[in-house]
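Working notes, structure below.
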Amino acid sequence: MTALLERTAARPRVLQATPWVAAVWGVAFLALTALAVVGRTPHPWSPEEASALGGLTAGQMSWVIAVTAAMVLAAQVVGTVGRSPSMRRIAGWTLIGLGIVVAVAISDVRALAFLGYLPMSLMALVGVGPAAGHLDGSILIDSAAALAHAVGGVAIAVTGFDLLDRATALGRGGRPDRRRWARGGPAAVGVAVVVPLLYAVTRIAWALDVPLGVRREMLDDLGSGRYAGLGLALFAVVGAWLTTGLRARWGEVFWAWVPRVGGRPVPIGLALVPGLLVAGAVTSAGLSFWRLVLTGHLSKVPGATSDWAAWAPELLWPVWGVALAVACLAYLARRVA
């Protein structure tokens, strides 16, 4: 009966894959942190002051990650073997909460840095661009680990949402009501488009040698570093444009002129996965900047506190991340309803 009810609602491949990704994250980091706690390997998380949990040591974070990973695996087991809707709902809400913790707290600003600076890092590997000859491999590894937490956290949270959805279907004795996911979708898309553009305007201005929101001295001190900010700005502009696709026809069906796939439906995962990943990464990065402000360490950001454009746009990133996540869930609801 359970299997029959679960087949009544179309489940995109991305929803079938997320539990496996969540389980891989749980097993991998439970093993890594367990080895680190007993002194067999280095801790898989290195301290980062610009992090939501930056006040913890590497050893303390290993315990946090280990406990979180164990809870994720336990909740997945309960959600899989639990027969009653109430057990699945409890497991679903638990996974959502744990996923948010992993994606925005255990992960940190390094995840977004990895995504934003990836093109420049790849260019540096072949000796091209402003980062050529200055690429730090250890920083790259730490950033990749933060990105792994962002991916794992998103997968855990989506697994929880899907579990709640199926629990609702069992409780109602039929098709799940996904319409509730779509509420607020248009407004969320609008916010998720405007906020990154506010950030992009300042960095593009700097690249054009216009000291928008900063002192001329700071812009001169940045030197070629302003072009790294340009890379992030272009990343934000492209992301804002892609976000509009969550409400546009071309976000559901490929343009007719696109070779081989023109006129075919856009795979849901093609929009959902990167959208939720960026949502988690920018929320985590935004919380990192808020932590610097609240702990009085804003001086660690290039420039001075009076150079508002160096840090104020980033304080809006949690709003961007939440809006983008809501927009992605609304897109999913519309596509599978």
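Every number here is computed from the coordinates shown, using simple stated rules; none is lab data. Note that the coordinates shown come from a computational prediction; the quantities given were computed from them, not determined experimentally. Here the Cβ is made from the backbone with ideal geometry for all residues, glycine too, and neighbour counts use every protein chain on show.
Counting every other Cβ atom within 10 Å of each residue's Cβ, Ser284, Ser46, Ser62, Ser84 order from fewest to most as Ser84, Ser46, Ser62, Ser284.
Summing charges over neighbours of Arg215, with a neighbour being any other residue whose Cβ is under 13 Å away from its Cβ, gives -3 when K and R count +1 and D and E count -1.
Short-range pairs are left out: with C-alpha atoms under 8 Å and at least six residues apart, the relative contact order of segment 186-298 is 22 percent. Taking the centroid of alpha carbons for each part, segment 42-89 and segment 239-317 are 24 Å apart. Qualifying trypsin sites (Lys or Arg not before Pro) in segment 227-304, where qualification requires a DSSP coil assignment and no more than 13 other C-beta atoms within 10 Å, comprise Arg260.
The order of Thr33, Thr244, going from fewest to most other C-beta atoms within 10 Å of their C-beta, is Thr244, Thr33.
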